[in-house]
Amino acid sequence: MRPQFLAVRELRFARGRFALMGSVVALIAVLMVLLSGLSSGLVNDGVSGLQKMPVTSLAFQHDVEKGSAFSRSVVGPDAVETWSKRDDVAEAAPLGNTLANGRTDKGVEIDLALIGVELGSFLDPDVVDGEPLSGDNEIVISETALDEGVEIGDTVVLEPSGMELRVVGVLDGQHTFGHVDMAYLTLPSWQEAKAGVRPGDEVPDRVYEDITAVAVQAKDGDATDLAAGDKAADTTSMTLEESFGASPGYTAETSTLQLIKVFLYLISALVVGAFFTVLTIQRKGEIAVLRAMGAGRRYLLGESLLQSFVLLVVSAGLGIAVGVGLGLAIGTTSMPFALEAGPIAFAGILLLVLGMLGAAAAVLRITKVDPLSALGGNR
């Protein structure tokens, strides 16, 4: 008798019981897909603009609080010069960052993460529509800002200063920071916007001296000595990935979702293990008969694990398909949600592995079944 025969036969015979368990596994798979999509969406909405910057590290103010570096850091122009002279640095450029809200001349209210850059520097972004930055009081916006009703040619009036910024171009895809659409502008315009300069005001020279951070691009194949650079420039550096944690809400959101996913993975293993434990107890008599007929422990383990594998693959596959369908529907809403093949595949494989581990732990009791006692021979 082959294990495949017994496993498939029981799956057909106890369709209701296995359908119930399969439904639970499928629901867990749906939750995994939705959580993966929500995690990816929140990451994209929080730091997609940073991810697309051609930088390897950012040098902030010395001893700045790393969790809020973008909002607290103030760096002087000397730091840019110091970093740019280092042999392990290809380029260094000033970077400004601040959040602002405004209203277009068509009455559309919009929040923006203003990113100040030097014209012609490696931070100066390319556009896919319209024109690149060419002067002050111009901005190029994230493509996702078009969904808010902003268009090329519109004028955004910042509040409360009344500073006017004309939309001249659109960036490729989503560029967001802290769940806010990014807008690039020249560094002097950013410095005036951050200082709250009103039209017609006389601007002090000190306004044009401060930036948020020094954007550093390492030479190809070289690793920048951040500690040495910080010592020379009196800054505090973070790699690009480390700087994500300074985006508003990024660490709290990702940590919460990771914890939820860990518990979901543990629950999936426990649920599958508990189901097969109960199933094994119910099959104790049949297992005893097979043992009495000469079936070996390897055979019994093989047919039970095969049964578990078939159930998990079919149920998880259906759950992932349903989850992807729901995810595509959610993706059309304003919710930060993004379906990515990598996280979904990882979640599916992990569900299968954890489910098999749970099933294996449950069916190990098969190897301890005494045919004589199980059949009542001790009475």
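Report, in order of residue number, the helices in the chain meeting two criteria: a C-alpha extent of 30 Å or more along the helix axis, and a mean Kyte-Doolittle hydropathy of at least -1.0; treat each whole DSSP H run as one helix.
Span-like helices, by this rule, are 15-51, 250-282, 297-330, 341-363.
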If you stretched the chain out fully between ASP201 and GLU143, how much longer would it get, using 0.36 nm times the residue separation minus the C-alpha to C-alpha distance?
17.6 nm
Percent of beta bridges antiparallel (DSSP, the range 80-205, rounded to nearest 5):
70 percent
Accessible surface of ARG72 - all protein chains present, 1.4 Å probe, nearest 10 Å²:
150 Å²
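Of all trypsin sites (Lys or Arg not before Pro) in the range 88-177, which ones are in loop regions per DSSP and have a Cβ with at most 16 other Cβ atoms within 10 Å? Walk me through the numbers before you get to the answer.
Values: sites: ARG103, LYS106, ARG166; in loops: LYS106.
Filter output for the range 88-177: LYS106.
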Kindly rank 232-241, 330-339, 92-101 from highest to lowest mean number of other beta carbons found within 10 Å of each residue.
92-101, 232-241, 330-339
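Please give me the summed charge of the neighbours of GLU91: other residues whose Cβ is under 14 Å from its Cβ, Lys and Arg +1, Asp and Glu -1.
Values: positive: LYS85, ARG86, LYS219; negative: GLU81, ASP87, ASP88, GLU118, ASP124, ASP220, ASP222.
So the surrounding residues net to -4.
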Selected from GLY249, SER57, ALA359, residue furthest toward positive end of dipole (the chain; charges at beta carbon)
ALA359
For the range 30-86, average projected area of the Cα convex hull in nm²
5.6 nm²
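Quick check: from the Cα gyration tensor, does the range 59-138 come out rounded (a/c under 1.5), prolate or oblate? Kindly include the intermediate steps, with their values, before the conclusion.
Working: a/c = 2.95, a/b = 1.43, b/c = 2.07.
Oblate.
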With an 8 Å Cα cut-off and a minimum separation of 6 or more residues, compute the relative contact order for the range 168-255 in percent.
25 percent
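So between THR155 and ASP136, what do we pick up on full extension, going 0.36 nm a residue minus the alpha carbon distance?
Details: separation 19, 0.36 × 19 = 6.84 nm, distance 1.31 nm.
Contour length minus Cα-Cα distance gives 5.5 nm.
How would you classify the chain from its alpha-carbon gyration tensor, with a ≥ b ≥ c the square roots of the eigenvalues: rounded for a/c under 1.5, else prolate if a/b is greater than b/c, otherwise oblate? Each step should come with its number before you reach the end.
Working: a/c = 4.03, a/b = 2.58, b/c = 1.56.
In terms of gyration-tensor shape, prolate.
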Have a look at the DSSP beta bridges in the chain and tell me what percent are antiparallel, nearest 5.
80 percent
Roughly how big is the chain's charge dipole about its Cα centre, with Cβ charges of +1 (Lys, Arg) and -1 (Asp, Glu), in debye to the nearest 20?
4740 debye
Once neighbouring chains are kept in place and the probe is 1.4 Å, which whole percent of the accessible area of the chain is contributed by carbon and sulfur?
57 percent
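Given a cut-off of 19 Å, name the pairs among LYS66/LYS231; LYS106/LYS194; LYS194/LYS231 whose C-alpha atoms lie farther apart than that in the structure shown. Numbers along the way, then the final one.
Details: LYS66/LYS231 17 Å; LYS106/LYS194 24 Å; LYS194/LYS231 28 Å.
Correct reply: LYS106/LYS194; LYS194/LYS231.
According to the square roots a ≥ b ≥ c of the eigenvalues of the Cα gyration tensor, what is the shape class of the range 120-265, taking rounded for a/c under 1.5, prolate for a/b larger than b/c otherwise, and oblate for the remainder? Display every interim value, and only then the final one.
Details: a/c = 1.75, a/b = 1.25, b/c = 1.40.
The shape class here is oblate.
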Report the relative contact order of the chain, percent, no decimals, based on alpha-carbon pairs under 8 angstrom and at least 6 residues apart.
29 percent
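The values are calculated or read from the model by the stated rules, or taken from the named source; none is laboratory data. On a predicted model such as this, the values are computed, not experimentally measured, just so you know. When we count neighbours, we look across all protein chains shown, and the Cβ atoms used for this are built from the backbone with ideal geometry, even at glycine. Surface accessibility is based on the protein's heavy atoms, side chains included, excluding ligands, DNA and RNA. Shrake-Rupley method; radii C 1.70, N 1.55, O 1.52, S 1.80 Å.
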